[in-house]
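Quick notes on the structure that follows.
Any read-out appearing in this document is the output of simple, stated calculations on the displayed coordinates, not a laboratory observation. Keep in mind it's a predicted model, so treat the numbers as computed, not measured. Every residue, glycine as well, gets a Cβ built from its backbone with ideal geometry; the counts of neighbours run over all protein chains shown.
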Amino acid sequence: MKSLKISAALVLLIALGTSCTSTKTAKTQNIKMVLHDIWAATHINEEPIPTTENVPNLEINVTEMKVFGTDGCNNYTGGIKNLTSENIALGPLASTRKMCFNMDIPNKYNKALNKAVSYKRDNLNLYFYDSNRNKILSFKKVD
C-alpha cells in the first residue's frame with residue numbers, strides 16, 4: 001500500500017513537471033508567433049514608401065524559421081538564425097536578380113533588412129530596428 005502511494009506521488013510529480021515545461025515552451029512559441037504573418041513595408045528609415053511604387057513585403061514563418069518576400073522588384077528568401085521576444089537575426093538572403101526601372105526602394109529596403117537586429121510588434125504594425133535602436137523598417141499586417 002505504501003509503495004502504491006509513493007508510485008502515485010511520483011506519477012503526479014512527473015505530470016506536474018511536464019505540464020510546467022509545456023507551458024513554458026508554449027509561452028515561448030506564442031511570443032514568436034506574433035511575427036508569423038505577412039507584412040507590407042510602409043516606411044524605410046522613417047521615410048514613407050510612395051504608394052505608386054511596388055511595395056516590399058515580408059512573410060515570416062516562425063514554424064520553419066524562414067523569411068521570404070519581395071523587395072519591390074526581386075523575390076528573396078532566407079533563414080532566421082535567432083528569434084527571441086525582442087531580437088531577430090536573419091541569415092543570408094538569396095534573391096532573384098531582375099533589374100527594375102527604379103531600384104531606389106528595393107536597394108534601401110534590402111540594406112535596411114540586412115541591418116535588422118530587433119523588432120517590436122504594436123497591434124497590426126511591426127517595426128525593425130538596427131543595432132543603434134534606430135527604426136529602420138515599418139510594416140503593416142496585410143493578411
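Structure data summary
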quantity	calculated
Low-density loop cleavage sites - trypsin sites (Lys or Arg not before Pro) in segment 68-143, where at most 13 other Cβ are within 10 Å (DSSP)	ARG97, LYS98, ARG133
Of LYS66/LYS141; LYS98/LYS140; LYS98/LYS120; LYS81/LYS108; LYS81/LYS141; LYS111/LYS135, those spanning more than 20 Å from alpha-carbon to alpha-carbon	LYS98/LYS140; LYS98/LYS120; LYS81/LYS108; LYS81/LYS141
Nitroxide proxy distance, nm - points 7 Å out along Cα→Cβ at GLU64 and LYS111	3.1
